[in-house]
Amino acid sequence: MLSLSGKTQVVGIIGNPIRHSLSPAMQNAAFEACNLDYVYVPFAVAPEKLGEAVSGLCALSVCGFNVTIPHKVSIIRYLDELDRTAEDAGAVNTVLVRDGRMTGFNTDGDGLVCSLAEDLDFSPGVAPIVIIGAGGAARGAVAALCRAGAQQIVIVNRSYDNSCTLKEEMNLRYPGVRIEAVKQNQLGKKHLVNVSLLINTTSLGMNGERMDFLDLAALPSSAKVYDMVYSPAITPLMSEAAEKGIAVSNGLGMLAAQGERAFTVWTGQIPPKGLMKRVLLSTCRP
């Protein structure tokens, strides 16, 4: 590890909970490999303390930080400006601090598209994509998939109002994409029979939860399932889909890919290819 000094640049991640995060391991490995005097640390921030935390990070001259659950949307009000990726998604997962100003980015979405290509050999197209969830991670996913060529997206969420809000916002940004909102308990075979990809953007599965509302038998054998949850490495959703012969992947590839993009936002450099993912694979095993 590089030694810390008064010149060390500090970056980090804010969220609640945060103890499970693997970002410190992969980011610090990349800083060391590039011989950069940076350190990446986790900060547990409760929702009611978000504004104070953001002001404090800026006052401490932290040069940037990642944002995770539950702050990806609520943090926007505390930032000075948004990059187009964050504007399109309506969510932020990376912040750059320069000269006392904070700029929000969303590297999640492009990280997802990269992981889908590498881990599932998948590219968005005409066939429908089902998104489980309507939070910050879902926003990044929908925006990036639309930019990458998706033509039909179904947003499924427990709160129909939230899925409708996301649908309406994305329809304005991507009028050429057919986007549908479905309440979780109304998801049926008609929504799944022609699906090319199903993505879980929620934390369901992190503690062994099963998605009883989801009939995986209705998916075609050619469909693929992507679970953004990466701990455990094999979630109940992935296990059940694999039993039906469906190709599956967890979110480690996305975590690495979005992390590589965040690294570049902060440092202006590109980290060694594949390093972050190798660190994650060595840390998070089934």
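Of everything in segment 49-78, what is of a type in the set (A, V, I, L, M, F, W, C) and either surrounded by fewer than 22 Cβ atoms within 10 Å (Cβ to Cβ) or farther than 28 Å from residue 169 by Cα (or both)? Give them in sequence order.
If the condition is that a residue be of a type in the set (A, V, I, L, M, F, W, C) and either surrounded by fewer than 22 Cβ atoms within 10 Å (Cβ to Cβ) or farther than 28 Å from residue 169 by Cα (or both), then 50, 53, 57, 58, 59, 60, 62, 63, 69, 73, 76 are the ones that fit.
Is there any pair with a first residue in segment 191-203 that is assigned by TED's automatic domain parsing to the domain that holds residue 146 and a second that is crowded, with 21+ Cβ neighbours inside 10 Å and among the acidic types (Asp, Glu) whose Cβ atoms are under 8 Å apart and which are 6 or more apart or on different chains, and what are they?
That search, which allows pairs on different chains as well, returns 199/227; 200/227.
Determine whether residue 141 is within 26 Å of residue 52 (Cα to Cα), surrounded by 17 or more Cβ atoms within 10 Å (Cβ to Cβ) and hydrophobic (A, V, I, L, M, F, W, C).
no
Got a sec? Which of 54, 41, 11 is farther than 20 Å from residue 268 by Cβ, of a type outside the set (Phe, Trp, Tyr) and not in a helix (DSSP H, G or I)?
None of the others qualify; the one that does is 41.
Only one of 159, 196 is small (Gly, Ala, Ser) and touching a strand residue (DSSP E or B) at 6+ places or on another chain (Cβ under 7 Å). Can you tell me which?
Exactly one residue qualifies, and that residue is 196.
Of everything in segment 180-233 that's among the basic types (Lys, Arg) and over 21 Å from the mean Cα position of the chain (by Cα), which residue is nearest to residue 18 (Cα to Cα)?
183
Filter segment 207-238 down to residues that are touching a residue at least 60 places away in the same chain (Cβ under 8 Å) and either surrounded by fewer than 21 Cβ atoms within 10 Å (Cβ to Cβ) or assigned to a loop (DSSP other than H, G, I, E, B) (or both), then give me how many there are.
Total satisfying the criteria: 5.
Within segment 79-117, restricting attention to residues that are more than 12 Å from residue 144 (Cβ to Cβ) and of a type in the set (Ser, Thr, Tyr), which residue is surrounded by the fewest Cβ atoms within 10 Å (Cβ to Cβ)?
Top of the filtered list is 103.
Inspect all residues belonging to segment 91-104 and state whether any of them is within 24 Å of residue 251 (Cβ to Cβ), of a type in the set (A, V, I, L, M) and out of contact with any strand residue (DSSP E or B) (no Cβ under 8 Å at 6 or more places or on another chain).
Checking segment 91-104: at least one residue is within 24 Å of residue 251 (Cβ to Cβ), of a type in the set (A, V, I, L, M) and out of contact with any strand residue (DSSP E or B) (no Cβ under 8 Å at 6 or more places or on another chain).
Give the number of residues within segment 57-90 that are touching a Gly at 6+ places or on another chain (Cβ under 7 Å), assigned to a loop (DSSP other than H, G, I, E, B) and either among the hydrophobic types (A, V, I, L, M, F, W, C) or assigned by TED's automatic domain parsing to the domain that holds residue 140 (or both).
So the answer is 4.
Given the residues 198, 192, which is the only one that is closer than 17 Å to residue 134 by Cβ and either of a type outside the set (Asp, Glu) or surrounded by fewer than 20 Cβ atoms within 10 Å (Cβ to Cβ) (or both)?
Sole residue among the options that is closer than 17 Å to residue 134 by Cβ and either of a type outside the set (Asp, Glu) or surrounded by fewer than 20 Cβ atoms within 10 Å (Cβ to Cβ) (or both): 198.
The values are calculated or read from the model by the stated rules, or taken from the named source; none is laboratory data. In this text the structure is predicted, and so the values were computed from the model without any measurement. Backbone-built Cβ (ideal geometry, glycine too); neighbour counts: all protein chains shown.
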